[in-house]
Amino acid sequence: MEHNFNYYTVLGLNTGVSLAEIKKAYRKLAKSYHPDVASSDKSKTAHFTNFMAVLNEAYMVLSDENKRCQYDLLLKTKSVKQYTLNYSHLDQEKYREFYLKQILLKARSKSRSVILKYNKELNLLSFDLYDDELLNNFQDYINDLEKTLLYSSNLISSCPSPSSLNASVMLMRQSIAQASDGLDEIKKFVVNFDYNHLLMAKNLFIIALNLSRESLAIIKSS
């Protein structure tokens, strides 16, 4: 079914509302627009019937945690007028595919990419730990690292993971946690210029990358 509206609009709600608010809005509209309310007015009955079909579809999506999560993410990346997914046929296998591609693998790719840049950044800084320009460039990397790790962590937590991916998700959470510990070590270096913090961060990043690799290996073997 193609739409030029979104499900929140149908229910007269904004994004971020609670399940209780969704249920309340649905019941109120269902009572007002039930075809029986139109009685003998055939044109009105047809309109009410069509609206109820859309209303029921909106409720089916927004009242289901997994489907609502997918819908919210897609609304962020596509205009509503381009949104054409029919949720009536969603099943666990499709949700697994969605979570894998749009959440888990995306979070893994972004976190891994920024961690892999560390050795290059560290080598550049090693020319002179006290050079202002090098330190400023290194600080830019720190900011990017922090932003990316936070993004990846939030992305993984944005939707419940399918049970079949729990092991991989757990490893990716651990990977991001290790990388975050490495980030903390780097921040300590910025304060006291103790190079040992940078070496500790390097070791933590190696652990993070190994965990990320294990996570992918489990996905490929399943």
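Annotations for the structure displayed:
- Between Lys94, Lys117, the distinction of being under 30 Å from Ser164 (Cβ atoms) and either modelled with pLDDT of 90 or more or surrounded by 11 or more Cβ atoms within 10 Å (Cβ to Cβ) (or both) belongs to Lys94 only.
- Sub-6 Å Cβ pairs linking a first residue in the range 93-116 that is touching a residue at least 40 places away in the same chain (Cβ under 8 Å) to a second residue that is among the small types (Gly, Ala, Ser) and assigned to a helix (DSSP H, G or I), at least 6 apart or interchain, are Arg96/Ser164; Ala107/Ser152; Arg108/Ser212; Lys110/Ser152; Ser111/Ser152; Arg112/Ser212; Ile115/Ala179; Ile115/Ala208, ordered by first then second residue.
- Residue match in the range 134-148 (condition: assigned to a loop (DSSP other than H, G, I, E, B), in contact with a helix residue (DSSP H, G or I) (Cβ under 9 Å, 6 or more places away or on another chain) and not assigned by TED's automatic domain parsing to the domain that holds Lys76): no
- Leading residue by the ranking (surrounded by the fewest Cβ atoms within 10 Å (Cβ to Cβ)) among those in the range 171-186 that are within 20 Å of the chain's Cα centre (by Cα) and touching a residue at least 40 places away in the same chain (Cβ under 8 Å): Leu171
- If you check Ser164, Ser175, Ser180 for being modelled with pLDDT under 95, of a type in the set (Ser, Thr, Tyr) and part of a helix (DSSP H, G or I), only one passes: Ser164.
- Qualifying positions in the range 187-222 - small (Gly, Ala, Ser), loosely packed, with under 15 Cβ neighbours inside 10 Å and part of a helix (DSSP H, G or I): Ala217, Ser221
- For the range 120-133, the candidate set comprises residues that are without any contact (Cβ under 8 Å) to a residue 60 or more places away in the chain and outside any helix (DSSP H, G or I); within that set, the residue that is surrounded by the most Cβ atoms within 10 Å (Cβ to Cβ) is Asp131.
- Within the range 63-78, considering residues that are of a type in the set (Ser, Thr, Tyr) and either closer than 15 Å to Val17 by Cα or more than 13 Å from the chain's Cα centre (by Cα) (or both), the one modelled with the highest pLDDT: Ser63
The values are calculated or read from the model by the stated rules, or taken from the named source; none is laboratory data. Everything quoted here is computed from the prediction, not taken from an experiment. Cβ sites come from the backbone with ideal geometry, for glycine too, and all protein chains shown count toward neighbours.
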